[in-house]
Amino acid sequence: MLVAVTDRDGTIIHANDIFSKISKYPKEQLLGQNHRILKSGYHPASFYAELWRTITAGKIWRGEIKNRAADGSFYWVDASIVPVMGADGRPERYVAVRVPITERKEAEARLKDLDQLKNTFIRIVSHQFRTPLNA
């Protein structure tokens, strides 16, 4: 499990070794950074706006995120971000717990490709059966 803790503004103040290993960023490079350094470009801005709106309202956010590692490769995580409320009733930090799901996402993509190939094959065979044979 990847674990990170950020302050109220989203600055990383703690990252566990697994987070460092999966993201390929040394822990020292993660600390003091914002999670934006992991943005892959896959999700629209509205995705992150909704995430931020949810956690700043003191609610737990859960979803799947595609991130970019330090070496430019991509990885997927199933994430839960939990706000830790301060005495003033506002979130004072956020705890993010993420499980790597890259292998599952890649398998889903392969299955989708195979399904499209199957549909194309069926479409071609069906067309051939309906087309009369020429002498």
Q.
Using +1 at the C-beta of Lys and Arg and -1 at the C-beta of Asp and Glu, which of Ile122, Pro100, Ser80 has the Cα lying farthest in the positive direction of the dipole of the chain?
A. Ile122
Q: Could you grab the Rg to Rh ratio for the chain? Cα atoms only, Kirkwood for Rh.
A: 1.24
Q: Could you pull the Rg and Dmax for the range 2-51, using just the Cα atoms, both in Å?
A: 11.3, 30
Q) Tell me, what is the percent relative contact order of the range 1-51, built from C-alpha pairs under 8 Å that lie six or more residues apart? A) 29
Q. How high is the relative contact order of the range 1-112, in percent, counting Cα pairs under 8 Å that sit 6 or more residues apart?
A. 27
**Q.** Label-point gap, in nm, between Leu117 and Glu28 - each point 7 angstrom along Cα→Cβ
**A.** 4.7
**Q.** Degrees separating the helix 102-130 axis from the principal Cα axis of the chain, which is the longest one
**A.** 20
Q: Using the Cα centre as the reference, give the magnitude of the dipole from point charges on the C-beta atoms of the range 15-123 (Lys, Arg: +1; Asp, Glu: -1; all else neutral), rounded to the nearest 20 debye.
A: 200
Q | the chain - mean residue ellipticity at 222 nm from DSSP helices (-39,500 (n - 2.57) per run, n ≥ 4, rounded to 500) | A | -12000 deg cm²/dmol
(Q) Let's test the formula: R0 of 22 Å, r as the Cβ-Cβ distance of Arg8 and Ser40. What FRET efficiency results, to the nearest 0.05? (A) 0.35
Q: Give the total of Lys-Lys pairs in the chain with Cα-Cα distances below 30 Å; include a pair only if its members are 8 or more places apart or on different chains.
A: 23
Q.
Could you check the spin-label model distance between Trp52 and Asp71? Points 7 Å from the Cα along Cα→Cβ, value in nm.
A. 3.1
Q: Give me the percent of the accessible area of the chain that comes from carbon and sulfur atoms, probe 1.4 Å, all protein chains in place.
A: 57
Q | Solvent-accessible area per residue for the range 29-73 (1.4 angstrom probe, square angstrom) | A | 60
Q.
Nearest 10 degrees is fine. How inclined is helix 45-56 to the longest principal axis of the chain, computing both from alpha carbons?
A. 40
Q.
I'd like the trypsin sites (Lys or Arg not before Pro) in the range 55-92 restricted to DSSP loop residues with at most 14 other Cβ atoms within 10 Å, sorted by number.
A. Lys59
Q.
Which one, Gly41, Asn16, Pro91, is farthest towards the positive end of the dipole of the chain when Lys and Arg carry +1 and Asp and Glu -1 on their Cβ?
A. Gly41
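The values are calculated or read from the model by the stated rules, or taken from the named source; none is laboratory data. Predicted model, so just to flag it, every value in this text is computed and none were measured. Note that we place each Cβ from the backbone using ideal geometry, even for glycine, and neighbour counts take in every protein chain shown. Heads up: the accessible areas ignore ligands, DNA and RNA and are worked out on the full protein's heavy atoms, side chains in. Shrake-Rupley method; radii C 1.70, N 1.55, O 1.52, S 1.80 Å.
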